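Any read-out appearing in this document is the output of simple, stated calculations on the displayed coordinates, not a laboratory observation. If you're wondering where the values come from, they're calculated on a predicted model, not measured in any experiment. Cβ atoms come from the backbone with ideal geometry, glycine included; neighbour counts cover every protein chain shown.
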Amino acid sequence: MLQVWLLVDLDSDTSVPVFQVCEWHSPEQLKKLLDLELRDRGEPESEILQRCRDAIRYSVKTSHPRFFNQLYAGMEPYSMVASFIAEAVKTNLYTYEVAPVFTLMEDAVLRKMIKVIGWEEGGDGIFNPGGSLSNIYAVNLARYRYCPDFKEVGMFSAPRLVILTSQEVSRQSRVTELRLSRVFFRGRMIPSALEEKIKLAKSEGAVPFMVNATAGTTVLGAFDPIDEIADICEKHNLWLHVDACWGGAAIMSKKHKHLLKGIHRVDSVAWNPHKMLMASLQCSAFLVRDKTSLLQRCHSARASYLFQQDKFYDVSYDTGDKSVQCSRKPDAFKFWLMWKALGSRELEQRVDRALAMARYLAEEIKKREGFRLVLEPEFANVCFWYLPPSLRNLPESPELWKKLHTVAPVVKQRMMKTGSMMTGYQPLGEKANFFRMVVISPQVSRQDLDFVLDEIHNLGKDL
Ligand code: ABU
């Protein structure tokens with residue numbers, strides 16, 4: 001198997017230790033180090049090579065086995081090779097005539113993902129730049145199904161439309177200008193509360209038209225009960241979209257696919273292979289169960305300079321007219337090549353391994369003094385507090401939580417400045433700041449996870 005580790009500066013005389021995850025500088029310091037100004041005269045190649053070295057040196061090494069900061073990590077070599085090829089070939093995925101290979105590959109990957117989801121009748125889809133955009137696609141389709149003339153008449157004739165959702169999706173509401181109603185508890189949607197909200201919205205004269213469920217929430221990795229939500233959506237004729245950007249990968253695993261039970265019943269799915277499956281950024285699919293070209297009808301602008309209907313080939317392969325974008329990168333290739341190389345079995349094993357490692361970490365946290373789980377992990381998100389010795393004997397009280405709230409930001413600052421590891425922290429609702437470890441990469445070992453806990457203790461024990 002290809003091994004690519006982009007961990008070190010290309011320059012062998014660098015002073016950066018090989019195993020640093022990041023070399024922290026403030027924006028002002030970094031601006032000076034990078035010499036960002038663009039001048040009238042170009043620089044010689046030796047200088048440009050140094051610019052490239054610097055770009056690598058000062059970037060965060062997200063493929064480092066101690067990078068746990070986001071919902072992506074690690075390096076998938078086949079996918080990275082596909083990225084290089086896609087950039088080198090430099091084409092645009094709006095028409096078959098300029099991207100024949102990638103058009104067919106996107107179609108093949110989408111069809112395979114649709115099959116894995118379990119939409120027996122088939123479906124449609126499109127790769128796009130990120131999960132938020134996939135979710136916006138879903139809103140567009142749900143609204144288009146409800147108001148098929150909104151492209152012509154706008155929203156003026158529409159009633160007050162309501163989306164019911166399980167987690168923060170403010171970007172969707174900002175872009176689509178629709179009202180959101182949140183129905184969740186500890187990150188998970190409660191079906192009975194959902195039904196009550198639907199009734200409430202209707203009693204206020206509003207029109208609920210869509211439910212946005214989540215499979216793998218960003219912070220806790222919680223999964224909404226899709227099957228039960230689907231029952232309610234069928235009863236009230238609501239579009240059911242599942243944001244499975246993070247948790248969609250579980251469907252590849254026989255052991256963990258139960259987390260997505262009922263996904264075959266939903267109308268649309270957002271699933272990002274660049275997250276747990278480790279495809280190169282960005283690789284994000286929007287999938288829809290509809291087979292009546294809803295995606296095309298909803299977004300088509302029929303630009304006559306691209307989508308001439310009298311072309312000499314089958315113009316249904318000109319997929320760009322389904323998109324809200326014009327230019328579109330061949331992101332599906334990055335997933336197609338790695339799936340070809342690894343097969344579904346290896347993808348399954350990666351999911352199983354990531355979740356086994358997350359379980360190992362959770363068990364270690366339970367064993368260690370000063371560490372406390374926020375809740376039992378359902379997926380690969382392991383959320384926990386670190387209590388320095390000075391806080392360990394304090395009684396459970398608002399004072400304890402107030403003090404604990406200040407611990408994670410200081411530990412984070414220290415880990416960034418040391419460059420030894422990266423993990424995220426955040427508050428959630430009433431909960432004080434806690435760490436969120438996301439375990440994905442097959443390059444992560446138990447030793448790396450032990451190191452994380454040791455390091456957090458070392459960085460925070462004096463607080
Ligand atoms: N799309 C949200 C991802 C955020 C994160 O990586 O934590």
Given charges at beta-carbon only (K, R positive; D, E negative), |dipole| of the chain in Debye: 860
Local electrostatic count at LEU238 - Lys and Arg +1, Asp and Glu -1, tallied over other residues with Cβ under 13 Å: +3
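Shape of the chain from its Cα gyration tensor (a ≥ b ≥ c, root eigenvalues): rounded if a/c is under 1.5, otherwise prolate when a/b > b/c, or oblate? Intermediate values should be presented prior to the final figure.
On the way: a/c = 1.80, a/b = 1.19, b/c = 1.51.
Because a/c hits 1.5 or more and a/b fails to exceed b/c, the chain counts as oblate.
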Charge sum, other residues only, whose C-beta stays under 12 Å from VAL351's C-beta, Lys/Arg counted +1 and Asp/Glu -1: +4
Segment 66-92 residues near the modelled LYS340 label - backbone nitrogen below 11 Å, point 7 Å along Cα→Cβ: 82
Cut-off under 5 Å, modelled amide H: who pairs with PHE371 long-range: LEU387
Among PHE333, LEU194, LEU306 the positive-end extreme of the charge dipole of the chain (Cβ point charges): LEU194
Unit Cα scatterers, Debye sum, segment 23-70: log10 I(q)/I(0) for q = 0.18, 0.19, 0.25 Å⁻¹: -0.69, -0.74, -1.01
Dipole of the chain, positive end: most advanced residue of LEU260, LEU36, SER390 [Cβ charges, Cα centre]: SER390
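Please find the FRET efficiency linking TRP401 to ILE48, where r is the Cβ-Cβ separation and R0 is fixed at 45 Å, and quote it to the nearest 0.05.
Plugging the Cβ-Cβ distance into 1/(1 + (r/R0)^6) gives 0.30.
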Calculated from backbone phi, Karplus (6.51, -1.76, 1.60) coupling profile of segment 51-58 in Hz, x at Gly/Pro: 4, 5, 4, 5, 4, 6, 4, 8
Cα Rg over Rh - segment 221-314, Kirkwood: 1.09
J(HN,Hα) series, segment 375-382, from Karplus relation 6.51 cos²θ - 1.76 cosθ + 1.60, nearest Hz, glycine and proline x: 6, 4, x, 9, 9, 8, 8, 10
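For the residues ARG328, ARG39, ARG51, what sequence is obtained by ranking on other C-beta atoms within 10 Å, fewest first?
Details: ARG328 22, ARG39 7, ARG51 12.
If I rank by nearby Cβ atoms, fewest first, I get ARG39, ARG51, ARG328.
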Amide proton proximity set for GLY125, modelled H, under 5 Å, gap of 5+: VAL288
Quarter of the Cα convex hull surface for segment 338-405, i.e. its orientation-mean projected area (nm²): 5.9
Nitroxide proxy distance, nm - points 7 Å out along Cα→Cβ at LYS255 and ARG392: 3.3
Equivalent ellipsoid, segment 62-135 (semi-axes from 5 times Cα gyration tensor eigenvalues, Å): 25, 20, 12
Calculated diffusion of segment 281-434, Stokes-Einstein form, Kirkwood radius summed over Cα pairs, 37 °C and 0.692 mPa s, µm²/s: 158
Karplus-derived HN-Hα couplings along segment 300-309 (A = 6.51, B = -1.76, C = 1.60, θ = phi - 60°), whole Hz, x at Gly and Pro: 4, 10, 6, 4, 6, 7, 10, 10, 4, 7
Positive minus negative residues near CYS147 (Lys, Arg vs Asp, Glu; Cβ under 13 Å): +3
